[in-house]
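Report on the following structure.
The values are calculated or read from the model by the stated rules, or taken from the named source; none is laboratory data. Because the structure is predicted, anything quoted here is derived from the model rather than measured. Quick reminder, even Gly has a Cβ in these numbers, built from the backbone with ideal geometry, and neighbours come from all protein chains shown. What goes into the accessible areas is simple: the full protein's heavy atoms, side chains included, and nothing from ligands, DNA or RNA. Shrake-Rupley method; radii C 1.70, N 1.55, O 1.52, S 1.80 Å.
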Amino acid sequence: MQDHEIAYWIEKETWRQQNHLELIASENFVSLDVLSAQGSVLTNKYAEGYPGRRYYGGCFAVDEIEKLAIQRACSLFRCRFANVQPHSGSQANQAVFLSVLSPGDCILSLDLRAGGHLSHGAPVNISGKWFRVVSYGVDPVTHRIDEAVVRELAFQHRPKLLIAGASAYPRFINFAFFRALADEIGAIFMADIAHIAGLVVSNQHPSPFPHAHVVTTTTHKTLRGPRGGLILCNEPDLAKRIDSAIFPGLQGGPLMHVIAAKAVCFKEAMGAEFQNYGHRIVKNAKALAHALMAQGIELIAKGTDTHLLLVDLRMHALSGRQAEALLEEVHITCNKNGIPQDPRSAVHTSGLRLGTPAITTRGLEEHHMEIIATCITQRLHDPENSSLTQSIRDQVLALCKAHPLPYN
Ligand code: DSN
C-alpha cells in the first residue's frame, strides 16, 4: 500500500487482533474468502436498483452476484424473500419501519436498559423520535423476558409492530409466543436476530421462522460474514414494500463488494463445519459462564443459552467501564454494558458483556474457558498487582499465539 500512514495503522490493528482475546459478543473474524470478496473491485460498481432492474449499465456480473446472495440467504434461513442490500442492521430495521409503520405508530420492544437495541425505539434514535415506543423489560430476579408483562403491555397499547430481539440478552427468545401475541392484537411481528443469526442457522437457537412476519439481522456477528444487514420474509407484498423501503426509500447504491462477501458467508454457513462452529460457540459460552460463576462472579440471568454472558458488577467496587479498561491492559477485549436496573449511569455501567464467537473461530475450546475465566477474575480482584498483571498478559498471549488468525 502506498499510503504508509493507513498501512501502519492497519498493521497495528492486525497485530491487536492477533494478540488480544476478542470477547466482544458482536465481533468475529471473517474467512479469507469473505475478506477477499469485500476487498475486491466490486467496490467500484454502482448498481442502484435490483438485479435486472438497475439504474446503471454494466451490471451483468453484479446482478448474478446479488441473485446468488439472495438465493443463498433464502435457503440458509428457509424463507422465500431476502433483501441483501441493507448497509447495517439499523438500516434493515429502519426499512421495516418504513414498510409497515407511519410516524406516530406504536412499537413494543425490549428496553435498551434491559438488553434491547438502540434502533428498536431508544429515545435518542430516530426510531424513538418518530414512533410511539412502549418498552418491556426483564424480570428483576430471573432477568428473563416476562411474557405476562409483554402481554399486558401489548393489550394496553395495541402496538402496530411487536419487536423481539436483543443486544445483551443471554437467554433464548420465545418467538412462538411473540407471534401468537401479535396475532391476538393484530400486530406485525419483527424478529431482530442480529446477535444470534449464526446460532439460528446452526440449530443452536430456535428459528424465528415460521413465526416472524419479518426478520432482520446483521451478517457480521455470530454469522461471521462482512459488516452489513439483511432482511428476510415470506409474504410477497411485504417483500415488495421492503425492497422499495431500502431503495429508493433509504439507501442509494448497494455495496456490491459487501453483497458478494455476504454471499460467500451464506455459503460458508450452509456447511457442516459451521454447524459444528455454532455448537462450539455455545459450549464455550456455557463453559465460560460456569467457570466465572465458580470463581464468585455474578452473571445476569445466572448463565447463558447463547453466545454471550453479562457479568453483574453491582456488588463490585469496579464499574463496567473500569473493568473493561483493566482487561484491555491484559489483552482481553470486551465491552462495558448496562444491566437491568443498573444503579450506575450508561457511561459507567455495572455490567461487562462477554461473548465467545470470535475466540471460537480462532479455535479455543471449553478447557481454555477456565483459563480465561481465571485471568478475568484475578485481574478484576487484584488490579494493582503488577507481577500478576504480567503473568495474566503472558497467559493471554500464549493462548493467542497457540491459536493464530490467518491474517498477516
Ligand atoms: N453494536 C452492536 C452490538 O455490539 O451488540 C449492536 O448494534
Study note, to complete from the structure: With T = 20 °C, eta = 1.002 mPa s and Kirkwood Rh from C-alpha pairs, the Stokes-Einstein D of region 159-244 in µm²/s is about 161 µm²/s
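Can you give the helix-only mean residue ellipticity at 222 nm for the chain, where every DSSP H stretch with n ≥ 4 adds -39500 (n - 2.57) and the sum goes over all residues, rounded to the nearest 500 deg cm²/dmol?
Dividing the helical sum by the residues of the chain leaves -13500 deg cm²/dmol.
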Study note, to complete from the structure: One point scatterer per Cα, no solvent, Debye formula: log10 I(q)/I(0) for region 63-102 at q = 0.16 Å⁻¹ comes out as -0.47
Review point. Quick one: what Rg and Dmax do you get for region 120-207 from the alpha carbons, in Å?
Key: 13.3, 37
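Working with all protein chains in place, sort His117, His279 by solvent-accessible area computed with a 1.4 Å probe, largest first.
Accessible-area ranking of His117, His279, largest first: His279, His117.
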Practice item. Of the DSSP beta bridges with both residues in the chain, give the percent that are antiparallel, rounding to the nearest 5. Key: 55 percent
**Study point:** Additional length obtainable on full extension of the chain from Ala325 to Arg151, 0.36 nm per residue less Cα span
**Key:** 58.7 nm
Review point. Which trypsin sites (Lys or Arg not before Pro) from region 310-366 combine a DSSP loop assignment with at most 16 other Cβ atoms within 10 Å?
Key: Arg314
Review point. Where q = 0.14 Å⁻¹, what log10 of I(q)/I(0) comes from the Debye formula for region 260-408, counting one point per Cα?
Key: -0.71
Check your understanding: So what's the gap between the Cα centers of region 67-122 and region 220-243, to the nearest angstrom?
Key -> 7 Å
Exercise for review: Using a Förster distance of 35 angstrom, determine the FRET efficiency expected from the C-beta separation of Thr374 and Ala7, and round it to 0.05.
Suggested key: 0.40
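What ranking of Leu310, Leu35 comes out by heavy-atom accessible area, probe 1.4 Å, highest first?
From most exposed to least exposed: Leu35, Leu310.
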**Study point:** Heavy-atom accessible area per residue - the chain, 1.4 Å, Å²
**Key:** 43 Å²
Point to revise | Descending Cα extents along the principal axes, region 344-408, whole Å | key: 39, 30, 26
**Study point:** Accessible surface of the chain, 1.4 Å probe, proportion on carbon and sulfur as whole %
**Key:** 55 percent
Check your understanding: Between Ala176 and Ser345, what length in nm is gained on full extension when 0.36 nm per residue of separation is reduced by their alpha carbon distance?
Key -> 57.4 nm
Point to revise | Volume in Å³ per residue [convex hull over Cα atoms, computed for the chain] | key: 140 Å³
Exercise for review: Report ³J(HN,Hα) in whole Hz for each residue of region 170-176, in order, from the Karplus equation J = 6.51 cos²θ - 1.76 cosθ + 1.60 where θ = phi - 60°; Gly and Pro get x.
Suggested key: x, 9, 4, 9, 8, 5, 4
Point to revise | Alpha-carbon centroids, region 5-45 and region 269-305: separation in whole Å | key: 25 Å
